[in-house]
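The values are calculated or read from the model by the stated rules, or taken from the named source; none is laboratory data. In this text the structure is predicted, and so the values were computed from the model without any measurement. Don't worry about glycine lacking a Cβ; one is built from the backbone with ideal geometry, like all the others, and counts go over all protein chains shown.
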């Protein structure tokens, strides 16, 4: 991959990951709006907006983020396991994507269906209230994990997990030589 291609890939990766993080932060903050919900239409509209952000913006942004990250790992020197900070980002990303795909996404869809069916009475439904709380906590946790991933991307701790050539002994054992 040429330097120009890598820069273009980085542009898409940074924009998509920023959009993903922004959506998660909005989903974490959105429940503040629902505190003053007074009608069934407001309950439904809150859930409709939440569902729209999750399904129409967050999911595509996360797919682009994962895809561009995969391209970086496959087609550049960064790889998958050469650097600890990349391993961390992959673990966090896969955890969030798997939890979102198999648990949180369907839960958000269920919340919308309950809100559509029950309107204001949804606020008395224990399943609805528990799922809404779980969604809020999950958004806060996901936002925190993604913020840490951004910090890790900038500071790049655990830079190189492979010992450098100058730190390996001449007999190939990988043990550093003491001068």
> Taking the stated definitions as given, is residue 88 closer than 30 Å to residue 158 by Cβ and crowded, with 17+ Cβ neighbours inside 10 Å?
Replying inline: yes
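Please find, among 67, 73, the residue that is surrounded by 13 or more Cβ atoms within 10 Å (Cβ to Cβ), free of Cβ contacts under 8 Å to residues at least 12 places away in the same chain and either closer than 28 Å to residue 12 by Cβ or within 24 Å of the chain's Cα centre (by Cα) (or both).
On the way: 73 fails: free of Cβ contacts under 8 Å to residues at least 12 places away in the same chain.
Criteria check complete, one pass: 67.
Looking at residue 91, is it without any contact (Cβ under 8 Å) to a residue 12 or more places away in the chain, assigned to a helix (DSSP H, G or I), farther than 30 Å from residue 3 by Cβ and within 19 Å of the chain's Cα centre (by Cα)?
For residue 91, the condition - without any contact (Cβ under 8 Å) to a residue 12 or more places away in the chain, assigned to a helix (DSSP H, G or I), farther than 30 Å from residue 3 by Cβ and within 19 Å of the chain's Cα centre (by Cα) - is not met.
Under the condition of being surrounded by fewer than 19 Cβ atoms within 10 Å (Cβ to Cβ) and touching a residue at least 12 places away in the same chain (Cβ under 8 Å), which residue from the range 16-36 is nearest to residue 115 (Cα to Cα)? It would help to see each step written out before you state the result.
Here is the first cut: in the range 16-36, the ones surrounded by fewer than 19 Cβ atoms within 10 Å (Cβ to Cβ) are 18-19, 22, 25-26, 29-36.
From the residues that got through so far, the ones that are touching a residue at least 12 places away in the same chain (Cβ under 8 Å) too are 19, 25-26, 30-31, 33-34.
Values: 19: 27, 25: 22, 26: 20, 30: 16, 31: 14, 33: 15, 34: 12 Å.
Only one residue fits best here, namely 34.
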>> For the range 76-88, give me each residue that is over 17 Å from the mean Cα position of the chain (by Cα) and either part of a helix (DSSP H, G or I) or in contact (Cβ under 8 Å) with a residue 12 or more places away in the chain (or both).
In response: 76, 81, 82, 83, 84
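If a residue must be outside any helix (DSSP H, G or I) and surrounded by fewer than 16 Cβ atoms within 10 Å (Cβ to Cβ), how many such residues does the range 37-55 contain? Write out each step before concluding.
Here is the first cut: in the range 37-55, the residues outside any helix (DSSP H, G or I) are 37-39.
In the following step, the residues that additionally are surrounded by fewer than 16 Cβ atoms within 10 Å (Cβ to Cβ) were identified as 38-39.
The number of residues fulfilling the criteria is 2.
Please pick out the residue among 101, 37 that is within 21 Å of residue 132 (Cβ to Cβ) and modelled with pLDDT under 95.
37
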